[in-house]
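Novice: Shown below is the structure under consideration.
The values are calculated or read from the model by the stated rules, or taken from the named source; none is laboratory data. Everything numeric in this text was worked out from a predicted model, so none of it was measured. So basically every Cβ, Gly included, is an ideal-geometry build from the backbone, and we count neighbours across all protein chains shown.
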Amino acid sequence: MSKLIHNYTFWLFVIACLMLFPHLDVIEVNIMEARNFITAREMATHNHWILTTLNDLPRYEKPPLPTWLTAVSGIIFGFDSIYGMRIPVALITLLLVFGVYKFSKKLGLSKQQSFHNGLILITSFYIYFAGRDNQWDMYTHSFMVVCILFIWDLLNGSKKPLFNAVMAGLFFGFSFLSKGPISVYALLLPFLIAYGFTYKFQLKDKKMYLILILLLGIIIGLSWPLYVKWADPATYLKVTKIESSRWGNYNTRPFYYYWSFFTQSGIWTVPAFIALIYPYLKSKVSNLKAYQFTLIWTLASVVLLSIVPEKKSRYLLPVLIPMALNTGFYIEYLINNFKNISLKKEKGIVYFAFGLIGIICIAIPVGIFIKVKNEIAGFEFWLIALSLSLLAIGYVLVTNLRNKNFIKVFYAVIAVQVAVIVFGIPFTELILKNPDYASAKAIREKEKVFGVRTYELSSFTPEIIWDYGFSIPILLNEETNKLNLPAESKFGLLALEKDSVNSKKEFQNYNLKKVSYIDLNHVPKDTKKHNERLVRIYYIVMKK
C-alpha cells in the first residue's frame, strides 16, 4: 500500500486521465476542430492523405500529422464519435505531462517535486482545455518537449549521443509536421536561450550530433510541404502567401498583449505570478540553477511570442510548459516552509490565494443550482456529486490551510480541478442551451423527402460541414464572382439570412421555398454570443 501511495507515475497517470478523458464529447466542436475533423474524414473517405482537403477544396494551411492521427482514430471509433475523434489529442497531452515529469527529474528535482510539476501542468487551464480540443497546438508542443528531453541528454554528456540525436531529430520533425516551426520558435529557442544562460553550452564532440538533429528534423518537417509544392504548386503558393502575410497584419496586438500570460494557468494564477518574482524566491528554492533556468525559459518564450505582431491567447500554450516547472518551485517552498513563515504579508498572500479557492468550492455548486434550478431534472446526480465533492474538498483545503499543512492544501487544489471536470462538465449542456438549435444532419432527411442534392450558396462554415457529415459543393465561383447553378431542375440550397437569395438574378427562373434551417449555436438568438456564421436557411429550389 505504501508503494502505491508513493507511486508518482501511477497517480500522475490517474489524475491526468481524469482531467482529459471524462465527458470528452460534451463540449461543442469549434471551428479549428471542425477543420481538422473534416480533413481527417476526407483522408479516410476520399483518400486525400497527402494533398489534404477541406470540403473537397485544397487545405494546405496546416501540416497533416495531427490530422493523420485523427483520421486513424476516426477509422477505429467512427467519424460520428466526437469522443473517438478527440482521443488522439488527449493521448498526446498525456505524452506532454509525462515529458514534463521526466524532464523535471533530469533537472535534478526530487520525484515528488517532479510529480507536483506534472500536476500543476495538467491542471493549468489552457493545458487541459487544449488537451480536450483536437487541433494542432498540443501536438506540436508535446512532440517538441520530447525532442527537448533528448537534446538535454545529448548536451549533458549522455553515453548514447547518436541515439539521442536521432530521437531528437525525429520528434523535431514530428513537431514541425504538426504546425510548422511554431514550437521551434516558441518552445525550443527559449529553451536554448535559457540553457545557454544558466548551464552554458559545452559543445565539444557534440556539434555533428546537433547538425544531425537539425537535418533530420528539417527533412521530416519539410517532406510534406515540399511534396505539396511539387504536386500542386499554384494552390500551395497562394496558401503560403496568405499564411505568411498573417504574421504581420492579421489579428495584430500590441507588444504587451501577453503580459498577463500567467492568468492562462487558471487556478495557479497567483502562485505562477509569485514564482516569477526572482528577488523574492531566489533564496528560497532548493535548486537555484534549475529555478533560474525555468524562469528564463518562461520569460524568453513570452518575449519571443510578443515580438510577433499576430497574437491570440491560445498561442501562449508553450509558455505554460516551463511556467509549470517554475511554479513548482514556489509550491515546493510552501510545502517545506509554510509553517515557518513569519511575515504577515507573505502568509496573507497564501491565505488569500488558496482561501479563495475554498470559497470557490462553495460558490460553484450554488451558482450552477441558481442558473439551472428549473431544468435540473436528469442532472440531479451530477449536482449532488459536484456539491458534495467540492464541499468536502473545500473543508479539507481550509482546515489544512489553517493548520499550515500545505501539501494537503496543494492536493486539495488538484482535487478541485478533477471534481469540476468529472462532475461539472455535464452542466454545460444546461448552461449552454439554444431552444432553436437545429442540426445540419437533419438536412439530410429533407434531402430524402424532396429527392435533392444540397449546395452552399457562396461560402461554407466548417462546423456545419462537419455536422452535416459530407462535403457540400459551393455555387459561387471565387475567380469569376458568379454563381454556377447545378444542372438539376430541383436542388437544396443553404444560404445565410442576409444573402437575399430571392433577389439574385441567377434565380429569376426558379421558385425558392424555405423548408428548414440550421442553427448550431448553443446560446439563444437574443444573446451577444449567438453567431450568424453558424446559421443557414435551407431552400428547395425548383425551375419554373
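Novice: Filtering the range 262-313 down to residues that are polar (S, T, N, Q) and crowded, with 20+ Cβ neighbours inside 10 Å, which residue is farthest from Q112 (Cα to Cα)?
Specialist: Going through the range 262-313, the residues polar (S, T, N, Q) turn out to be 263-265, 269, 283, 286-287, 292, 294, 298, 301, 306, 313.
In the following step, the residues that additionally are crowded, with 20+ Cβ neighbours inside 10 Å were identified as 264-265, 294, 298, 301.
Working: Q264: 24, S265: 21, T294: 17, T298: 22, S301: 26 Å.
Here the residue is S301.
Novice: Cβ contacts < 7 Å: first residue closer than 17 Å to T298 by Cβ, restricted to the range 252-263; second residue charged (D, E, K, R), any location; separation 6+ or different chain. Result?
Specialist: Here the result reads Y257/K311; Y258/K311, each pair linking the range 252-263 to a residue that is charged (D, E, K, R).
Novice: Next up: What about F191, is it under 23 Å from the mean Cα position of the chain (by Cα), within 22 Å of F293 (Cα to Cα) and not hydroxyl-bearing (S, T, Y)? Before the answer, list the steps.
Specialist: Values: under 23 Å from the mean Cα position of the chain (by Cα): yes; within 22 Å of F293 (Cα to Cα): yes; not hydroxyl-bearing (S, T, Y): yes.
Yes, satisfied.
Residues are listed down the side, and each one gets a yes or a no for (1) under 24 Å from the mean Cα position of the chain (by Cα); (2) among the aliphatic types (A, V, I, L, M); (3) within 26 Å of I421 (Cβ to Cβ); (4) modelled with pLDDT under 95:
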| position | (1), (2), (3), (4) |
| --- | --- |
| Y257 | yes, no, no, yes |
| Q264 | yes, no, yes, yes |
| N287 | no, no, no, no |
| F293 | no, no, no, no |
| W297 | yes, no, no, no |
| V302 | yes, yes, no, no |
| Y315 | yes, no, yes, yes |
| L320 | yes, yes, yes, no |
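Novice: Which one is farthest from the chain's Cα centre (by Cα), of the residues in the range 438-451 that are in a loop (DSSP other than H, G, I, E, B) and surrounded by fewer than 20 Cβ atoms within 10 Å (Cβ to Cβ)?
Specialist: Looking at the filtered set, the residue picked out is G451.
Novice: Right, something else. Yes or no: the range 56-63 includes at least one residue that is in the same structural domain as P181 (by TED's automatic domain parsing), surrounded by 22 or more Cβ atoms within 10 Å (Cβ to Cβ) and outside any loop (DSSP other than H, G, I, E, B).
Specialist: no
Novice: Out of (1) exposed (fewer than 15 other Cβ atoms within 10 Å of the Cβ); (2) closer than 21 Å to M542 by Cβ; (3) polar (S, T, N, Q), the odd one out for T428 is which?
Specialist: Every condition holds for T428 apart from (2).
Novice: Moving to a separate point now. Only one of (1) touching a residue at least 60 places away in the same chain (Cβ under 8 Å); (2) farther than 30 Å from G173 by Cβ fails for Y60. Which number is that?
Specialist: Here Y60 meets the rest and fails (2).
Novice: Quick check, is I213 out of contact with any His (no Cβ under 9 Å at 6 or more places or on another chain), surrounded by fewer than 19 Cβ atoms within 10 Å (Cβ to Cβ) and in a helix (DSSP H, G or I)? Write out each step before concluding.
Specialist: Values: out of contact with any His (no Cβ under 9 Å at 6 or more places or on another chain): yes; surrounded by fewer than 19 Cβ atoms within 10 Å (Cβ to Cβ): no; in a helix (DSSP H, G or I): yes.
Judged against the criteria, I213 is not a match.
Novice: If you don't mind, another one. Working only within the range 474-488, note down all residues that are closer than 14 Å to F460 by Cα, modelled with pLDDT under 90 and not in a strand (DSSP E or B).
Specialist: Listed by number, the list holds a single entry, E478.
Novice: Tell me which of these F129 doesn't satisfy, since it passes every other one: (1) farther than 15 Å from Y315 by Cβ; (2) without any contact (Cβ under 8 Å) to a residue 24 or more places away in the chain; (3) part of a helix (DSSP H, G or I).
Specialist: Tallying (1) farther than 15 Å from Y315 by Cβ; (2) without any contact (Cβ under 8 Å) to a residue 24 or more places away in the chain; (3) part of a helix (DSSP H, G or I), F129 fails exactly one: (1).
Novice: Related question: I'm checking my understanding of the structure. Among residues of the range 489-514 that are surrounded by fewer than 14 Cβ atoms within 10 Å (Cβ to Cβ) and within 40 Å of the chain's Cα centre (by Cα), which one is modelled with the lowest pLDDT?
Specialist: Among them, the one singled out is S500.
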